[in-house]
Amino acid sequence: MNLNILTPTSTNIQEFINFWSKQYAYTNENTYYNSITKKVFKLNDIQNLYIWKNGMKLSASKQKSLDTKIKAKLSIINTFKKSANIDIEAFKKEFKTVSSVWKIFLLHTLKPKKYPIYDQHIHRAFLFIHNEDYSNISSSSITDKNKELFYFNRYLQFIASINYSDLKKLDEAFFAFGQFLNTRKYATLLE
């Protein structure tokens, strides 16, 4: 087994990303995610992106949250999307009532080439790569505040340090690797 696919370093990050991004599979990728490239969002674009992020139709409570906390601010979202750079503090303040994962996803939709996606699988992969305990990472094991702190204070710095240009492919690799770690089957590869 080539362990480079399990422990990326600055010299083999490309190999890691190439291998793990091929393992990536996500529901409705082409149907819903493609609107991310639009210069201006419509309400339906936001709806479709969050259906994609959720992996299925939104529950009534998630739909209400999307409608009242995100879609209701479509003009603000498009102002951020059109700007060359996003004032992160202004963005956080504007969307302070949105859960961290959805807020970070919104940031990703605004500038997908600058801000990677964040979720439990990506967090788990990051911790594994950095020889930290990843075994208890789940969507409910970390507070919203700590998810944001991790993303803005650690993960973005890591992404900048590896200087990898295709964030979508990197997201796919980390997502697939984090899912794999969650299955606990990785141990059989090391035997």
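Only the coordinates and a few stated rules stand behind these numbers; no lab work does. Just so it is clear, the model here is predicted, and its values are computed rather than measured. Every residue, glycine among them, receives a Cβ derived from its backbone with ideal geometry; neighbour counts consider all protein chains shown.
The table for this structure:
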| read-out | value |
| --- | --- |
| Calculated FRET efficiency for the pair D166/I86, C-beta based, R₀ 30 Å, to 0.05 | 0.90 |
| Length-normalised contact order of the chain in % [C-alpha pairs under 8 Å, at least 6 apart] | 29 |
| In degrees, nearest ten, helix 100-110 long axis to first principal axis of the chain (Cα) | 80 |
| Which listed pairs, of K82/K145; K73/K169; K22/K96; K22/K69; K22/K71, have C-alpha distances above 31 Å, in listed order | K22/K96; K22/K69; K22/K71 |
| Phi to ³J(HN,Hα) by Karplus 6.51 cos²θ - 1.76 cosθ + 1.60 over region 160-172, Hz, x for Gly, Pro | 4, 5, 7, 6, 9, 7, 9, 5, 4, 5, 5, 4, 4 |
| Segment T183-K113, length gained on full extension (0.36 nm per residue, minus Cα span) | 22.3 nm |
| Cα-based Rg of region 3-189 normalised by 2.2 N^0.38 Å, two decimals | 1.02 |
| Contour excess over end-to-end distance, with Cα ends at I76 and N34 and 0.36 nm allotted per residue | 13.0 nm |
| Residue list for region 58-79, given a label point 7 angstrom along the Cα-to-Cβ vector of D144 and an amide N cut-off under 18 Å | 59-73 |
| Extension gain, N131 back to N18 (0.36 nm per residue minus Cα-Cα distance, nm) | 38.5 nm |
| Three-way shape call for region 88-174 based on the alpha-carbon gyration tensor, with the a/c threshold at 1.5 | oblate |
| Estimated 222 nm signal from helices in the chain, with DSSP H stretches of n ≥ 4 weighted -39500 (n - 2.57), rounded to 500 | -15000 deg cm²/dmol |
